Amino acid sequence: MSQHLEHLETLKEIRSIMDRSSRFMSLSGLVGIFAGVYAFAGAGAVKWYLEKHNILARTVYTVRPNWDTILFLSAVAVTVMAATIITGIYLTTRKARKANQSLWDKQAQLMLINLFIPLAAGGFFCLVLLYHKVYFLIAPCMLIFYGLALLNGSKYTVRDIHYLGLLEIALGLLASFFIGYGLLAWTIGFGVLHILYGSIMYFKYERGA
């Protein structure tokens, strides 16, 4: 009986080693939580700006906003993204060092490449929508392309990101039909879902590690 248990433990250890060698495991769940918090802060800033200028959140996507509004919304989006990237790099580096793992290995490179391609395509397509003044589809497209990026990169990291990607895509498609709720969809996708995903990741893989 003891030998059988030893064999099982050995197989689990081998599987763990193989999993670490084939997937990027240093991505911290705390990154998702912080990303969600930043998204909520960004959504709050946008809501404050719209109320200050007497602009209804539902109409900002269906009528042509002025350039001041466009610049403010763009600045908020860039700030949220930059804060998320900086926090992600810091927390992921810290987790990799704590686990004595390489941060920039082949799996990390493959994951980033597979994430970047849909994100770059989505960012360019959002600029096209902005150029053609199709404002109401920008927020849904951000969610859809972000979800596609997560799906594409999930092959090289934990499987849970796959399901987050599916949820982001579904939310983006749903928001495409309900014009005027772009800010709400953006807040749910980048705020609520990120916090839920990050919390699950943290308690599943990191707490007590």
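The values are calculated or read from the model by the stated rules, or taken from the named source; none is laboratory data. Treat the numbers as computed from the prediction; the structure is a model and nothing was measured. Cβ coordinates were reconstructed from backbone atoms using ideal geometry, including for glycine residues, and neighbour counts include every protein chain displayed. Protein only, heavy atoms only, side chains kept; ligands, DNA and RNA dropped before computing areas. Shrake-Rupley method; radii C 1.70, N 1.55, O 1.52, S 1.80 Å.
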(request) Would you mind getting me the FRET efficiency between residue 162 and residue 85? Use the beta-carbon distance for r and R0 = 25 Å, nearest 0.05. (result) 0.70
(message) Give me, ordered by chain and number, the residues 5 or more places off residue 157 or on other chains with an amide H under 5 Å from its own placed amide H.
(response) 24
(message) From the alpha carbon gyration tensor of region 99-181, can you work out the equivalent ellipsoid semi-axes (sqrt of 5 times each eigenvalue) and give them in Å, largest to smallest?
(response) 29, 15, 7
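Once a ≥ b ≥ c are taken as the square roots of the eigenvalues of the Cα gyration tensor of region 150-209, is the result rounded (a/c under 1.5), prolate (a/b larger than b/c) or oblate (a/b not larger than b/c)?
Numbers: a/c = 4.31, a/b = 1.83, b/c = 2.35.
Note, shape of region 150-209 comes out oblate.
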(request) Report the full-extension gain for the segment residue 98 to residue 66: residue separation times 0.36 nm, less the Cα-Cα distance, to one decimal in nm. (result) 6.7 nm
(request) Kindly provide log₁₀ I(q)/I(0) values, in the same order as q = 0.14, 0.19 Å⁻¹, from the Debye equation applied to equal alpha-carbon scatterers of region 102-142. (result) -0.43, -0.59
(request) Decide, for region 58-209, between rounded, prolate and oblate: order the square roots of the alpha carbon gyration tensor eigenvalues as a ≥ b ≥ c, take rounded if a/c falls under 1.5, and otherwise choose prolate if a/b is larger than b/c, else oblate. (result) prolate
(message) Can you give me the % of accessible surface on region 60-209 that is carbon or sulfur? Probe 1.4 Å, all protein chains present, nothing else counted.
(response) 72 percent
(request) Quickly work out the residue 120-to-residue 192 label distance, labels modelled 7 Å from Cα along the C-beta direction, and quote it in nm with one decimal. (result) 3.4 nm
(request) Would you mind computing, in nm to one decimal, how far apart the modelled labels at residue 130 and residue 200 are, each placed 7 Å from Cα along Cα→Cβ? (result) 3.2 nm
